[in-house]
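*Asks:* First the structure, then my questions, so here it is.
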Amino acid sequence: MVRIAEIEENLLHLIGWRQSYDRNDGTWLSQGLTQSESHRYYQDVHPLLTLQNLLSIAPDFKNTEYPEYSSESTYPKGVVVLYEGTMYKAVQDVPADSVSISNSDYWIETNAFSEWLEVKTRASITNAVSRYINEKTDKGTFKPLCEKKTLFDGTGRICDTVRNRQNLVGFEIVPIRSKGVTTRINRFGLQFTEPGDYTIYVMHSSLNEPYYVETFTKSKGNSMEWFAPSAELYLPYENDRIDSGGSWYICYMQSDLPENSLAIRKNRDWSKGPCNECSKHEYATWMLWSKYLEVHPFSVNEELVPTEDEQIGMWDVESNIYDYDTNYGLNLDITVACDITDFIIDQRNLFVDYIGKSLAIDMLREFAYNPNVRTNRHSINASRPDILYEIDGDSSSLKKSGLSFQLELALDALKVSTLGIDRVCMPCINHGVKYRTV
């Protein structure tokens, strides 16, 4: 498992593109591409990686249209708008009526070439990381631990309902204290007596506002229905939104339930494992996930839960009441897997050479095979065979060469010891001492 979107975002500025000296030749770049944490630039990886050469394989942007900026609209991070003939990009979510287009905390100037080049850069980062991950997976250095399992089998009896006491209720989930292990929620299971809209909150003990919130619409009463989150939902050990460790809460407000709706309870004792003789499959599943998660059904009086603009906040967890004989109509389909996302982000400087060469190869192959290369004074001054020779080296020679060989060396250099990352996912593999004759 890897949270590729987080990696891509954090590695985007690891290496930068050197700014064009001519703002009017079409190659000027947004500041979002010129930042370089490593003080390295892609143009230095290979002499063909010039902005002029890149412009020659970029699409014709003349017919590209962007929406006009409106101060009355809200904009999500990453959206591009047009204002008085100039393009701007939102660097964070923009609320309406309070942020000017000139506010550099929310908007940066950009252009169509910059946006195209950013897409290409992100794609190369993703390709490079995916290859690194595949190498690790192939060698078994990290693996799925519990894949697509539900917390329990079966459903509750329709007549066995949970009284609505106007509480916040759900599951407290305590993951194993291990940085390399991440839980993903694949689906939420809801069993209530009435159809309607049900809002599920995912809270973390270190975060005041909800980490995730979504409303699901049940079409049938009494029956269990499963809902996949609209975006990938991970419960990591840590990331830039939460502190390390802590507890997760999957919950809902009983006062928000549709009229006359009650949760249908799955009656089991959550303080211990299920009966082995009663359900061998459920017992085997519990044996898998219980190594990495603790699940505690809880409730807390809604009056103790802070709310603002109909948005709940984190409460004092000392007020939790744990009810180990119910599930409050909830079930979860989860995957627990080894996750080296945090390692890659924390140690991203180790990836500079590898990512630089990966992007160079991707762009050079596009130079060689792109049928839309424009022939002008900025066109690439190299033939396809010349470019492929730069990538793959001399195929008639037994000696390896070219950028692809350099990439292999960079990947080999990246195979650092990961023993200290996580005791669950990165076990010590000791093959002993090998002796051979000299």
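The values are calculated or read from the model by the stated rules, or taken from the named source; none is laboratory data. On a predicted model such as this, the values are computed, not experimentally measured, just so you know. No Cβ is skipped: glycine too gets one built from the backbone with ideal geometry, and neighbour counts run over all protein chains shown.
*Asks:* Mind checking which residues of the range 3-42 are under 28 Å from Thr86 (Cβ atoms) and free of Cβ contacts under 8 Å to residues at least 12 places away in the same chain?
*Replies:* Selection gives Glu9, Tyr21, Asp22, Arg23, Asn24.
*Asks:* What tally of residues in the range 21-74 results from selecting those that are more than 30 Å from Ser404 (Cα to Cα), hydroxyl-bearing (Ser, Thr, Tyr) and buried (at least 16 other Cβ atoms within 10 Å of the Cβ)?
*Replies:* 2
*Asks:* Look through Ala128, Ala112, Ala123 and report the one residue that is surrounded by fewer than 16 Cβ atoms within 10 Å (Cβ to Cβ), assigned by TED's automatic domain parsing to the domain that holds Gly356 and of a type outside the set (Phe, Trp, Tyr).
*Replies:* Values: Ala128 fails: surrounded by fewer than 16 Cβ atoms within 10 Å (Cβ to Cβ); Ala112 fails: surrounded by fewer than 16 Cβ atoms within 10 Å (Cβ to Cβ).
Answer to the check: Ala123.
*Asks:* How many of the residues making up the range 380-405 are of a type in the set (Lys, Arg) and touching a residue at least 12 places away in the same chain (Cβ under 8 Å)?
*Replies:* 1
*Asks:* Could you tell me whether any residue of the range 111-132 is in contact with a helix residue (DSSP H, G or I) (Cβ under 9 Å, 6 or more places away or on another chain), part of a strand (DSSP E or B) and farther than 30 Å from Asp412 by Cα?
*Replies:* The answer is no, given that none of the residues of the range 111-132 is in contact with a helix residue (DSSP H, G or I) (Cβ under 9 Å, 6 or more places away or on another chain), part of a strand (DSSP E or B) and farther than 30 Å from Asp412 by Cα.
*Asks:* Please count how many residues of the range 383-406 are surrounded by 14 or more Cβ atoms within 10 Å (Cβ to Cβ) and among the hydroxyl-bearing types (Ser, Thr, Tyr).
*Replies:* 3
*Asks:* Consider the range 243-265. How many of its residues are in contact with a strand residue (DSSP E or B) (Cβ under 9 Å, 6 or more places away or on another chain) and either farther than 12 Å from Leu190 by Cβ or of a type in the set (Ser, Thr, Tyr) (or both)? Let's see the steps before the verdict.
*Replies:* Here is the first cut: in the range 243-265, the residues in contact with a strand residue (DSSP E or B) (Cβ under 9 Å, 6 or more places away or on another chain) are 243, 245-259, 261-265.
Keeping just the survivors that are either farther than 12 Å from Leu190 by Cβ or of a type in the set (Ser, Thr, Tyr) (or both) gives 243, 245-249, 251-256, 259, 261-262, 265.
Residues that pass the stated criteria total 16.
*Asks:* Applying the selection to the range 79-100, what residues are surrounded by fewer than 16 Cβ atoms within 10 Å (Cβ to Cβ) and over 21 Å from Gln35 (Cβ atoms)?
*Replies:* Within the range 79-100, Leu82, Glu84, Gly85, Pro95, Ala96, Asp97, Ser98, Ser100 meet the criteria.
*Asks:* Which is polar (S, T, N, Q) and touching a strand residue (DSSP E or B) at 6+ places or on another chain (Cβ under 6 Å), of Thr307, Thr285?
*Replies:* Details: Thr307 fails: touching a strand residue (DSSP E or B) at 6+ places or on another chain (Cβ under 6 Å).
So the residue among Thr307, Thr285 that is polar (S, T, N, Q) and touching a strand residue (DSSP E or B) at 6+ places or on another chain (Cβ under 6 Å) is Thr285.
*Asks:* For the range 290-327, which residues satisfy the criterion of being assigned to a loop (DSSP other than H, G, I, E, B) and within 22 Å of Glu209 (Cβ to Cβ)?
*Replies:* Looking only at the range 290-327, we keep the residues that are assigned to a loop (DSSP other than H, G, I, E, B), and these are 290-292, 305-306, 309-310, 313-316, 320, 323-327.
Matches in the range 290-327: Val305, Pro306, Asp309, Glu310, Gly313, Met314, Trp315, Asp316, Asn320.
*Asks:* Which members of the range 27-49 meet the condition of being among the small types (Gly, Ala, Ser) and part of a loop (DSSP other than H, G, I, E, B)?
*Replies:* Taking the range 27-49 and keeping what is among the small types (Gly, Ala, Ser), we get 30, 32, 36, 38.
Ser30, Ser36, Ser38 - these are the residues of the range 27-49 that are among the small types (Gly, Ala, Ser) and part of a loop (DSSP other than H, G, I, E, B).
*Asks:* If you don't mind, there's one more thing I want to ask. So which residues in the range 330-362 are in contact with a Gly (Cβ under 8 Å, 6 or more places away or on another chain) and in a helix (DSSP H, G or I), if there are any at all? Lay out the reasoning, then the answer.
*Replies:* Keep residues of the range 330-362 that are in contact with a Gly (Cβ under 8 Å, 6 or more places away or on another chain), which gives 330-333, 338-340, 342-343.
If the condition is that a residue be in contact with a Gly (Cβ under 8 Å, 6 or more places away or on another chain) and in a helix (DSSP H, G or I), then Asp342, Phe343 are the ones that fit.
*Asks:* Would you check if Asp105 is in a loop (DSSP other than H, G, I, E, B), of a type in the set (D, E, K, R) and either surrounded by 12 or more Cβ atoms within 10 Å (Cβ to Cβ) or modelled with pLDDT of 90 or more (or both)?
*Replies:* Against the criterion (in a loop (DSSP other than H, G, I, E, B), of a type in the set (D, E, K, R) and either surrounded by 12 or more Cβ atoms within 10 Å (Cβ to Cβ) or modelled with pLDDT of 90 or more (or both)), Asp105 does not qualify.
*Asks:* Can you give me the ranges of the strands (runs of 3 or more DSSP E) entirely in the range 144-260 with at least 2 residues that are under 30 Å from Glu318 (Cα atoms) and of a type in the set (Ser, Thr, Tyr)?
*Replies:* Values: elements: 144-150, 167-175, 181-191, 196-204, 212-218, 224-227, 233-235, 248-253.
The qualifying strands (runs of 3 or more DSSP E) are 181-191, 196-204, 212-218, 248-253.
*Asks:* Contact list please: Cβ distance under 8 Å, first residue in the range 316-327 and in the same structural domain as Asp160 (by TED's automatic domain parsing), second residue polar (S, T, N, Q) and modelled with pLDDT of 90 or more, pairs at least six apart or on different chains.
*Replies:* Going by the 8 Å Cβ cut-off, the qualifying pairs are Val317/Ser205; Val317/Ser247; Ser319/Asn301; Asn320/Ser299; Ile321/Ser299; Asp323/Ser299.
*Asks:* Among the residues in the range 175-186, are any more than 14 Å from Asp333 (Cβ to Cβ) and surrounded by fewer than 16 Cβ atoms within 10 Å (Cβ to Cβ)?
*Replies:* At the first step, the residues of the range 175-186 found to be more than 14 Å from Asp333 (Cβ to Cβ) are 175-182.
Those still in the list that are surrounded by fewer than 16 Cβ atoms within 10 Å (Cβ to Cβ) too: 177.
Within the range 175-186, one or more residues are more than 14 Å from Asp333 (Cβ to Cβ) and surrounded by fewer than 16 Cβ atoms within 10 Å (Cβ to Cβ).
*Asks:* Separate question: Select from the range 8-26 the residues that are closer than 22 Å to Ser358 by Cα and assigned to a loop (DSSP other than H, G, I, E, B) and list them in ascending order. Step through it out loud before you land on a result.
*Replies:* Here is the first cut: in the range 8-26, the residues closer than 22 Å to Ser358 by Cα are 8-19.
Once the filter is applied, which keeps residues that are closer than 22 Å to Ser358 by Cα and assigned to a loop (DSSP other than H, G, I, E, B), the range 8-26 yields Leu12, His13, Leu14, Ile15, Trp17, Arg18, Gln19.
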